[in-house]
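One structure is given here, and the rest of the page talks about it.
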Amino acid sequence: MKCDFYQLANPGVRDLTPYEPGKPIDELERELGISGSIKLASNENPLGAGALAIEAARSALSELSRYPDGAGFRLKAALARKFDLDQSRIVLGAGSSDLLRLAVEAFVCAGDQVVMSQYAFAMYAIYAQAAQAERVIVPARDWGHDLDAMAAAVTERTRLLFIANPNNPTGTWVKQTELVRLLKRLPAHVMVVLDEAYAEYIDQADYPNGMALGLEFPNLIVMRTFSKAYGLAALRVGYAIADPAVADLMNRIREPFNVNSIAQAAAEAALADEVHLQRSKAVNQQGLMQLQRAVAQLGLEAIPSVGNFIAIDMGREALPIYEALLRKGLIVRPLAGYGMPNHLRVTAATESENSRFIKALQEVLEAV
Ligand SMILES: *Cc1c(COP(=O)(O)O)cnc(C)c1O
């Protein structure tokens, strides 16, 4: 007898469209039989990991047969020192994706509402749907989160509200005053996830201090990752800062060894490597400016971004441009899945990589 497993499945999972990651370089080169491609599709650090993190990862290899420290003591202690907070407020995750899932699992039941913005990072809707929650998607304002409208969308049934600051894929960001206004307005039964995956890149004076706000508003969960500015995407490590009770709840459902020992060691070293972080920020600033100049020269427009990427409006359907760029060995990110069919998201990389992208884009645009 044949079983229809899709009928058996949790309806939240059955109807799910999975997350589509940036195309890996290996996959493209296998498909096209080319080499020397570059990937500007996943907002990875173009400088790679810092030397201190690599060295720490290498040292950790000698303990491969041992389970990791499930409590992540050393990394948590380093984070607690850096942000001057108690370790009981920290949850470690296998990337912030893991933490996003833990927050949904800990607070959202089937039928609850989860509020998020149009164009927000795709994982929010995926985790909410898997939990059989109702997704309340609030129209964006100028491509960014409209926090007043999001606050107005909250009901008795809302349990969680997602804010990506800055947002991926748009690069838009919310300011301190807007965020505080939202937090003051929210009823106590709504948890707020403030996803700060790109926070280290940002120097704007009115960029909110999520860590400080967390002390004032206990329903705020701040999430950060080592995948972006710290250049450790392969290792899968991130952290959440929350009220101790919230952290305790998230830790209860965390897979006991969710962050492996190599990741813990490398993250601890990366946190102390201010030189690599500053160099990464400088390269990103240069790269963003180079891309913005080129976009203007090509007569295109991009959404102003404070992340390490920009979403460029091609003024026409972007998928054929994406495909033509692939054939030239350049991987960027199409955004049709986000309801942005004319945009491509491009990670700011090194000067020479950016130049290759700009030249290829120019050639593709001339050919169409
Ligand atoms: C990249 C990204 C993440 C998650 O990255 P991890 O590698 O899982 O830490 C989370 N939120 C946003 C907005 C991102 O862009």
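The numbers here are math on the coordinates, done by the rules we state, and not lab data. Computed from a predicted structure; not experimentally measured. Cβ: placed from backbone, ideal geometry, glycine included. Neighbour counts: every protein chain shown.
With only alpha-carbon pairs counted, each pair once and no self-pairs, how large is the Kirkwood hydrodynamic radius of region 9-56 in angstroms? Don't jump to the answer; show the numbers that get you there.
Working: mean 1/r = 0.0706 Å⁻¹.
So the Kirkwood estimate lands at 14.2 Å.
At what distance in angstrom do the alpha carbon centres of region 262-303 and region 83-143 lie from each other?
Value for the Cα centre distance between the two parts: 25 Å.
Along region 327-335, what does the Karplus equation 6.51 cos²θ - 1.76 cosθ + 1.60 (θ = phi - 60°) give for ³J(HN,Hα), rounded to whole Hz, x for Gly and Pro?
5, 9, x, 10, 9, 10, 10, x, 10
What nm value, rounded to one decimal, do you get for the distance between residue 245 and residue 29 when each label is placed 7 Å out toward the C-beta?
Distance between the two pseudo-spin positions: 5.3 nm.
Among 27-35, 52-60, how do they line up from the highest to the lowest mean number of other beta-carbon atoms within 10 Å? Provide the component values of the computation, followed by the final result.
Details: 27-35: 11.4, 52-60: 17.9.
Ranking, from highest mean packing down: 52-60, 27-35.
Once the piece of chain linking residue 275 and residue 13 is laid out straight, how much longer is it, given 0.36 nm per residue of separation minus the C-alpha distance between them?
90.0 nm
For region 50-110, restrict the atom set to alpha-carbon positions and state the Rg and Dmax in Å.
Cα radius of gyration and Dmax of region 50-110 are 14.7, 45 Å respectively.
Dividing the Cα radius of gyration by the Kirkwood radius, what Rg/Rh value follows for the chain?
In the chain, Rg relative to Rh is 0.96.
Looking at this model, which pairs from 76/184; 2/23; 184/228; 39/359 are more than 24 angstrom apart at the alpha-carbon?
Values: 76/184 29 Å; 2/23 35 Å; 184/228 30 Å; 39/359 15 Å.
Pairs exceeding the cut-off: 76/184; 2/23; 184/228.
Given all pairs of different Cα atoms, what value in angstroms does the Kirkwood hydrodynamic radius of region 264-368 take?
Numbers: mean 1/r = 0.0681 Å⁻¹.
Kirkwood hydrodynamic radius for region 264-368: 14.7 Å.
Of the beta bridges DSSP finds with both residues in the chain, what % are antiparallel, to the nearest 5?
So the antiparallel bridges amount to about 50 percent of the total.
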